[in-house]
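Visitor: Quick one: the structure is below, and I'll ask about it shortly.
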Amino acid sequence: MRHSLLTIFLAIMSITAFGQTQINPKDYRFMVLQMPKLDMQFPENREIPAENNTFYALSYDDTNNTAFVYNDYVCGYYEVPTAMRAGFKTGARNLQAENPDEYWKLVKQVMDEVTANWKKKTGASAAAPATATAPTASTENTAAQAAPKVVASDDPNYVYDTADVMPSFLGGPKALTTYLVKNTRYPESAMKAGHQGRVLCSFIVETDGTISDIKVVKKVWPSLEVEAKRVVGNMPKWVPAMIDEKTVRCRVTLPVVFRIKK
């Protein structure tokens, strides 16, 4: 996802210690971006007020050149253009790598504030805050959502099936559906042969939000299964699961539906 930048300049902000009681995303604003429009994942298709074209970078990952950016009304991941990467690398910290638990708390807080600000400004109903949403991927997780509080394992590599806060696609169910519709390619051979159905994929949302260990647990047709794994593997980072306010690995199931229009 590439966007043109009108202006970019460094903002000198005070950085507070990780151990403070109250977390304020404004303490972690590294760069100020001014741009005409930014297609954010959360919330989907929201028009940005003209007076709010200033964005702040919460964290920058120079390994894949992406930053989590936000303003009062929208937030999401931004692919930094080549010409701007040196400035980001110099002026921004990789908070996600330094302290992932703190980073994801801030992401969730930003999403809550974005929702509240939009509702206050427009009076329109907005997507539920990330901290209030159940797992968005599949009805197969419904039983797990209502489970009692999870006891954390001592093994940092343990993969949970449920958590205090389950993984969620940035932007919620609507954004996830939009992603799948836009990015799933119906294999021509399967379409011509009339093969359709619901491919159920299972995958792990890692503590950094990346997707791993993708498996097909309900098969339909080989080419449809290959495409389902591809589109799932290309998803942007999710908001990871949390137990006792710590990010954990969690397995999620996601249906990818292939339906031939008549």
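Visitor: Could you derive backbone 3J(HN,Hα) for region 197-211 from the dihedral phi with the Karplus parameters 6.51, -1.76 and 1.60 (θ = phi - 60°), listing whole Hz in sequence and x where the residue is Gly or Pro?
Guide: x, 10, 8, 9, 9, 10, 7, 9, 8, 6, 5, 9, x, 6, 9
Visitor: A further question on this structure: What do you reckon, how do ASP154, ASP213, ASP101 stack up by accessible area (1.4 Å probe), largest on top?
Guide: So the residues, ranked largest to smallest area, are ASP154, ASP213, ASP101.
Visitor: Here is a follow-up. What nm distance separates the two modelled labels at VAL226 and ARG198, each placed 7 Å from Cα along Cα→Cβ?
Guide: That separation, rounded to one decimal, is 2.5 nm.
Visitor: Answer rounded, prolate or oblate for region 76-117, using the Cα gyration tensor with square roots of eigenvalues a ≥ b ≥ c: rounded when a/c is under 1.5, else prolate when a/b is larger than b/c, else oblate.
Guide: Note, shape of region 76-117 comes out oblate.
Visitor: Right, another one. Would you kindly find the accessible area of GLU245, with a 1.4 Å probe and non-protein molecules such as ligands, DNA and RNA excluded, rounding to the nearest 10 Å²?
Guide: Around 120 Å² of this residue is reachable by solvent.
Visitor: For the pair LYS89 and ASN157, what calculated FRET efficiency results from E = 1/(1 + (r/R0)^6), where r is the Cβ-Cβ distance and R0 = 41 Å, to the nearest 0.05? The partial results should precede the final answer.
Guide: On the way: r = 30 Å, r/R0 = 0.73.
The calculated FRET efficiency here is 0.85.
Visitor: Determine the sum of side-chain charges near GLY194: Lys and Arg each +1, Asp and Glu each -1, restricted to other residues whose C-beta is under 15 angstrom from that of GLY194.
Guide: After counting each charged neighbour, the total is +3.
Visitor: Which sequence of VAL165, VAL257, VAL69 reflects their accessible areas, 1.4 Å probe, from the largest down?
Guide: On the way: VAL165 40, VAL257 80, VAL69 0 Å².
Accessible-area ranking of VAL165, VAL257, VAL69, largest first: VAL257, VAL165, VAL69.
Visitor: With θ set to phi - 60°, apply the Karplus curve 6.51 cos²θ - 1.76 cosθ + 1.60 along region 228-244 and write out the HN-Hα couplings as whole Hz, x wherever there is a Gly or Pro.
Guide: The phi angles translate into 4, 5, 5, 5, 5, x, 8, 4, x, 4, 8, 7, x, 5, 9, 10, 6 Hz.
Visitor: Are there any trypsin sites (Lys or Arg not before Pro) in region 175-252 that are in a DSSP loop and have at most 13 other Cβ atoms within 10 Å? List them by number.
Guide: Passing both the DSSP loop test and the Cβ count: ARG185, LYS219.
Visitor: Follow-up question, since we're still on this one. Whole-Hz Karplus ³J(HN,Hα) for region 178-194, in order, using 6.51 cos²θ - 1.76 cosθ + 1.60 and θ = phi - 60°, x for Gly and Pro?
Guide: So the Karplus estimates, Gly and Pro as x, are 4, 4, 5, 5, 6, 10, 7, 10, 6, x, 4, 5, 5, 5, 4, 7, x Hz.
Visitor: Residues with amide H under 5 Å of THR162's amide H, sequence separation 5 or more or different chain, H placed in the peptide plane at 1.01 Å from N; which?
Guide: Close amide H contacts, sequence-distant or interchain: none at all.
Visitor: Would you please give the residues with an amide H less than 5 Å from that of SER168, counting only those at least 5 places away or on a separate chain, with H modeled from the backbone geometry?
Guide: VAL239
Visitor: Taking a 1.4 Å probe, which of MET84, MET242 shows the most accessible area, and what order do the others take after it?
Guide: MET84, MET242
Visitor: Tell me which residues come under 5 Å, amide H to amide H, from VAL248 once H is placed; ignore anything under 5 positions away on its chain.
Guide: Those qualifying (amide H under 5 Å, at least 5 residues apart or on another chain) are ALA241, MET242, ILE243.
The values are calculated or read from the model by the stated rules, or taken from the named source; none is laboratory data. The shown structure was predicted, so the numbers you read here are calculated from the model rather than taken from an experiment. Counting neighbours? That spans all protein chains shown, and the Cβs are built from the backbone with ideal geometry, glycine included. Ligands, DNA and RNA are stripped out before the accessible areas are found, and what is left, the full protein with its side chains, is counted by its heavy atoms. Shrake-Rupley method; radii C 1.70, N 1.55, O 1.52, S 1.80 Å.
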